[in-house]
Amino acid sequence: MPHLLVTKHNNITTPSTCDDVVFSFLASSQKENKILVKCDNQQFFLTTKEKDGNILVKVDNSTRVSPVSIVKKAINAYGKLSKADILFSNTDNISRKVEPKKEFLKDISYFINDFKTTKEIFIEVGFGSGRHLIHQALQNPDKIIIGLEIHTPSIEQMLKQVNIQGVINILAVNYDARLFLEFMKSNSISRVFVHFPVPWDKKPHRRVMSPEFIKESLRALKPNGTLELRTDSPNYFEYAKELLENFKEFPSQIIKNQDLEVTSKYETRWKKQGKDIWDVTITSTINDDELVIEDDFTFDKKVDTLALNLDKKPIVKDDFLVHFENILTINECDILIQLTMGSFNKPVSKFIIVENGKASYFQGNPIPTSANLKAHSLIKNLIGEK
């Protein structure tokens, strides 16, 4: 990432402007400073902190900004304003490279705000190389195939094959499947594939399959829609069988060593080694009520910043967490709160700006998952006036 190392100097004056970069305010704590920057119609934070007697300047990892040339521009402007000696810089080459268009790769916000279709929907969780995902898309050109994957190289590999093979009905998203299904309407999905998930034998709580995931899948599935697990792990298979005991009212089926039309290179290798492969399927049978998530991230209480005393130890509840990481002072009455919140599987890092006693999230509200909403409810009670 672009950064600057300069000699120790006094804090820059805010607000100030240099090379069309606006430095709005500076928030400080014992360990670092955060500077709100406005550049090319984007807002983000730069972090400055002492390193070996000098000052390191970089973009804050919790704030989103693209392309990287904007970050370089802001850091270079800071270097000028500081009037400090530059000891190291990797910000001189401001790239104007245009990122290739990825029309089949969508952000989670697309599925929250913009996704609408009358077509039948399949979902594959953890598609890996994408061989099975692409096979389903080619065999079902009239359907929308959504692929979920958190491994970026696998997404890139799959998208290359999408372009090569001319597939047009795939949508990929880098997001945790255990949270993604909350954004799918009830009774809207035909099939959910979970093929060869990571066994996590030493950390079973990290497995995709869980009572909560199965329940959420059955809600999103149409009547006669199926959740299909395929695994070569005896431990995962036994675990899945135990999970089915919680859903006896739904038909289920177990098939051993079933041959599919398409297999992964690993599956071919496992079959040559004589390993068993199990297919575990559970079928939805009912129409579920629509899931209603109240998207309310407002702060309805005034914040008394002078009396505020937040514990920086993580607050861990049954299905969410809140961790106040840093409290920075902007001026006598305004503060910046840096925190992590939400699900254990997909926690989010956010900033809360408190100005004149009024709190709001920086760069927009968190994604409206049930875990984030529960975390927000706790946060506003902790920081609001009693």
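Coordinate-derived values only; no laboratory data. Because the structure is predicted, anything quoted here is derived from the model rather than measured. Positions of Cβ are backbone-derived with ideal geometry, glycine not excepted, and every protein chain shown enters the neighbour counts.
A few points about this structure:
- GluC sites (Glu not before Pro) within region 1-105, DSSP loop, no more than 13 other Cβ atoms inside 10 Å: 103
- Over all orientations, the chain has a Cα convex hull whose mean projected area works out to 22.9 square nanometres.
- Over 25 Å between alpha carbons, listed pairs 202/312; 51/312; 31/312; 34/312: 202/312
- Calculated FRET value between residue 198 and residue 68, using beta carbons and R₀ = 45 Å, to 0.05: 0.90
- Under the simplified labelling scheme, the residue 8-residue 296 pair shows an inter-label distance of 5.0 nm, with each label point 7 Å from Cα along Cα→Cβ.
- Cα centroid separation, region 138-183 to region 47-85 (Å): 35 Å
- For region 115-204, the ratio of Cα radius of gyration to the globular rule of thumb 2.2 N^0.38 Å stands at 1.08.
- 3J(HN,Hα) from dihedral phi, region 128-143, Karplus parametrisation 6.51/-1.76/1.60, rounded to Hz, x for glycine, proline: x, 5, x, 4, 5, 4, 5, 4, 4, 5, 6, 7, 10, x, 8, 10
- The fewest-to-most ranking of 376, 195, 323 by surrounding Cβ atoms within 10 Å reads 323, 195, 376.
- Interchain or long-range residues, amide H under 5 Å from residue 87's placed H: 5, 6, 7
- Working from label points 7 Å from Cα in the Cα-to-Cβ sense, the residue 16 to residue 250 distance is 6.0 nm.
- Gyration tensor verdict on region 315-383 (Cα atoms; rounded if a/c is under 1.5, prolate if a/b is larger than b/c, oblate otherwise): prolate
- Least to most buried among 176, 259, 201 (fewest other Cβ within 10 Å first): 259, 201, 176
- Taking 206, 178 and counting other C-beta atoms within 10 Å, the order from fewest to most: 206, 178
- Folded to 0 to 90 degrees: helix 211-220 orientation relative to the chain principal axis, Cα: 80 degrees
- Summary value for region 315-383: 26 percent relative contact order, contacts being C-alpha pairs under 8 angstrom separated by 6+ residues.
- Placing dummy labels 7 Å off each Cα toward the beta-carbon, the span from residue 381 to residue 312 is 2.5 nm.
- log₁₀ of I(q)/I(0) at q = 0.25, 0.26 Å⁻¹ - region 268-356, Debye sum with one point per alpha carbon: -1.32, -1.36
- Computed 3J(HN,Hα) for region 8-22, one whole-Hz value per residue from the Karplus formula 6.51 cos²θ - 1.76 cosθ + 1.60 where θ = phi - 60°, is 4, 7, 6, 4, 5, 7, 10, x, 7, 9, 8, 6, 6, 9, 9, glycine and proline marked x.
- Under a 5 Å amide H cut-off, with hydrogens placed 1.01 Å from N, residue 315 pairs with 322, 323, 324 among residues at least 5 apart or on other chains.
- Rounded Å value of the spacing that divides the Cα centres of region 321-386 and region 193-259: 35 Å
- Crossing angle, helix 152-165 versus the chain [Cα axis fit, 0-90 degrees, rounded to tens]: 60 degrees
- For region 108-283, the C-alpha radius of gyration divided by 2.2 N^0.38 Å, with N the number of residues, is 1.00.
- Backbone N within region 245-263 under 18 Å of label point (7 Å from residue 224 Cα along the Cβ vector): 250-253
- Rounded FRET efficiency, nearest 0.05, which uses the C-beta distance separating residue 52 from residue 259 and R0 of 56 Å: 0.35
- Between 68, 192, 59, the Gaussian network model of the chain with springs among Cα atoms under 10 angstrom shows the greatest mean-square fluctuation at 68.
- Karplus-derived 3J(HN,Hα), 6.51/-1.76/1.60, for each residue of region 331-336, Hz, glycine and proline x: 8, 4, 10, 10, 9, 10
- Axis of helix 68-82 versus longest Cα principal axis of the chain: the two differ by about 20°, to the nearest ten degrees.
- Cα gyration tensor shape of region 3-89, rounded if a/c is under 1.5, else prolate or oblate by comparing a/b with b/c: rounded
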